[in-house]
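Chemist: Please read through the structure below; I'll follow up with questions.
The values are calculated or read from the model by the stated rules, or taken from the named source; none is laboratory data. Computed from a predicted structure; not experimentally measured. Cβ atoms come from the backbone with ideal geometry, glycine included; neighbour counts cover every protein chain shown. We work out accessible area using only protein heavy atoms, side chains counted, and drop any ligands, DNA or RNA first. Shrake-Rupley method; radii C 1.70, N 1.55, O 1.52, S 1.80 Å.
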Amino acid sequence: MGTPGEGLGRCSHALIRGVPESLASGEGAAAGLSALDLAKAQREHGVLGGKLRQRLGLQLVELPPEESLPLGPLLGDTAVIQGDTALITRPWSPARRPEVDGVRKALQDLGLRIVEMGDENATLDGTDVLFTGREFFVGLSKWTNHRGAEIVADTFRDFAVSTVPVTSTSHLRGLCGMGGPRTVVAGSSEAAQKAVRAMAVLTDHPYASLTLPDDAAADCLFLRPGQPGLPPFLLHRGGGDLPNSQEALQKLSDVTLVPVSCSELEKAGAGLSSLCLVLSTRPHN
């Protein structure tokens, strides 16, 4: 596990799961999802995987789509990873809990230490957890409760863990994210600004902040490439998705901006951080 203050580590691998036909079929509708264009969603997902592999230089682990798991591509909800430790979450929705099985096996195969959530009273979605490189913030939302946050704290004892109320229908990372090693980006909604103010009160670390017009634009991924000497990347929603936020993102001058689209996958509740899991240290095979 990392040590306090080491920052956001260098990335080596990324994990994604393919888009099943059931996401756009009757099964998806039964799960309360909006109708979407399956081919477009699959193209978006393919471009994301390509940029993770080719642009960012990560080793990409692709899990096959599972028709019984319409929301399987949102695998960012299934685990919280820091260093060589992966906490397997317990999603709020019982229908989504089988999603963790394939992710658990893939992370085991990559050599990570697996921690399970054994408390049936706990709920935790991974996209309610924001790691800043120095500490964790856990959003208390529809999907994540206090017991889930306590298990995050028990698992990652080298880091402070604070809880942040989420006053919208979003996960915490749907409102704010890391735009750099010391920069928090947040949407302009009242819910996003309340979350940032709460984080500022709870932390002992100084963070710069950048407000973006769109909450969804704050759902980004700050990534240090595995090769030393390369500048860090910010994987973010591009102008085709969120044109109003592009000018503000240009203010992040210390990162290389890498735009992707997930406008079709967003109809299934996907944010950018929910579509991949990134390993921030080299696994021990």
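Chemist: Compute log10 of I(q)/I(0) for segment 200-274 with the Debye formula, placing one identical point scatterer on every Cα and leaving out solvent, at q = 0.16 Å⁻¹, to two decimals.
Modeler: Listed by q, the Debye log ratios stand at -0.66.
Chemist: For segment 60-131, give the magnitude of the charge dipole about the Cα centre (Cβ charges: +1 Lys/Arg, -1 Asp/Glu; no others), in debye to the nearest 20.
Modeler: 100 debye
Chemist: Next question. Per residue, how much accessible area does the chain show when a 1.4 Å probe rolls over the protein heavy atoms, in square angstrom?
Modeler: Computed with neighbouring chains in place, this is 41 Å² per residue.
Chemist: So what are the three principal axis dimensions of segment 174-221 from its Cα atoms, in whole Å, longest to shortest?
Modeler: 27, 21, 13
Chemist: Work out from phi, with θ = phi - 60° and the Karplus expression 6.51 cos²θ - 1.76 cosθ + 1.60, the ³J(HN,Hα) of each residue of segment 36-41, listed in order in whole Hz, and give x for Gly and Pro.
Modeler: 9, 7, 4, 4, 5, 4
Chemist: At what distance in angstrom do the alpha carbon centres of segment 104-121 and segment 214-285 lie from each other?
Modeler: 25 Å
Chemist: When the helix-only estimate is applied to the chain (DSSP H runs of n ≥ 4, each -39,500 (n - 2.57), divided by the residue count), what is the mean residue ellipticity at 222 nm, nearest 500 deg cm²/dmol?
Modeler: Helix contribution divided over all residues of the chain: -5500 deg cm²/dmol.
Chemist: Go ahead and set up a Gaussian network model of the chain, Cα springs under 10 Å, then flag whichever of L252, L130, L112 fluctuates most.
Modeler: Highest fluctuation of the listed residues: L252.
Chemist: Pull out the extension gain between Q108 and A208, defined as 0.36 nm times the separation in residues minus the alpha carbon to alpha carbon distance; nm, one decimal.
Modeler: Full extension of this stretch gives 32.4 nm more.
Chemist: Which far-off residues, 5 or more places away or on another chain, put their amide H under 5 Å from the one on L63, with H placed in the peptide plane?
Modeler: Result for L63 returns I16, R17, G18.
Chemist: Under 10 Å, Cα contacts only: if you run a Gaussian network model on the chain, which one of D241, D84, D154 comes out with the highest mean-square fluctuation?
Modeler: Checking each option, the largest mean-square fluctuation is seen for D154.
Chemist: If you don't mind, another one. For segment 31-74, state the average projected area of the convex hull of the C-alpha atoms over all orientations, rounded to one decimal in nm².
Modeler: Dividing the Cα hull surface by four gives the mean projection, 3.6 nm².
Chemist: With N set to the residue count of the chain, report its C-alpha Rg divided by 2.2 N^0.38 Å to two decimal places.
Modeler: 0.91
Chemist: Report, for the chain, the % of DSSP beta bridges that are antiparallel, rounded to 5.
Modeler: 40 percent
Chemist: What share of the DSSP beta bridges in segment 126-255 is antiparallel, in percent to the nearest 5?
Modeler: Roughly 50 percent of the beta bridges in segment 126-255 run antiparallel, per DSSP.
Chemist: Please list the non-local residues whose amide H lies under 5 Å from the amide H of T167, H modeled 1.01 Å from N, same-chain partners needing a gap of 5 or more.
Modeler: Answer set, sorted by chain and number: none.
Chemist: Please quote Rg/Rh for segment 134-285 to two decimal places, taking the Kirkwood radius as Rh and restricting both calculations to Cα atoms.
Modeler: Reported Rg/Rh, Kirkwood definition of Rh: 0.95.
Chemist: Consider just the alpha-carbon atoms of segment 32-120 and return their Rg together with their Dmax, both in angstrom.
Modeler: 14.4, 40
Chemist: For the chain, with all protein chains present and a 1.4 Å probe, just round the carbon and sulfur fraction of the accessible area to a whole percent.
Modeler: 50 percent
Chemist: What residue among E264, E99, E190 shows peak mean-square fluctuation when the chain is described by a Gaussian network model with Cα springs under 10 Å?
Modeler: Of the options given, E190 has the highest mean-square fluctuation.
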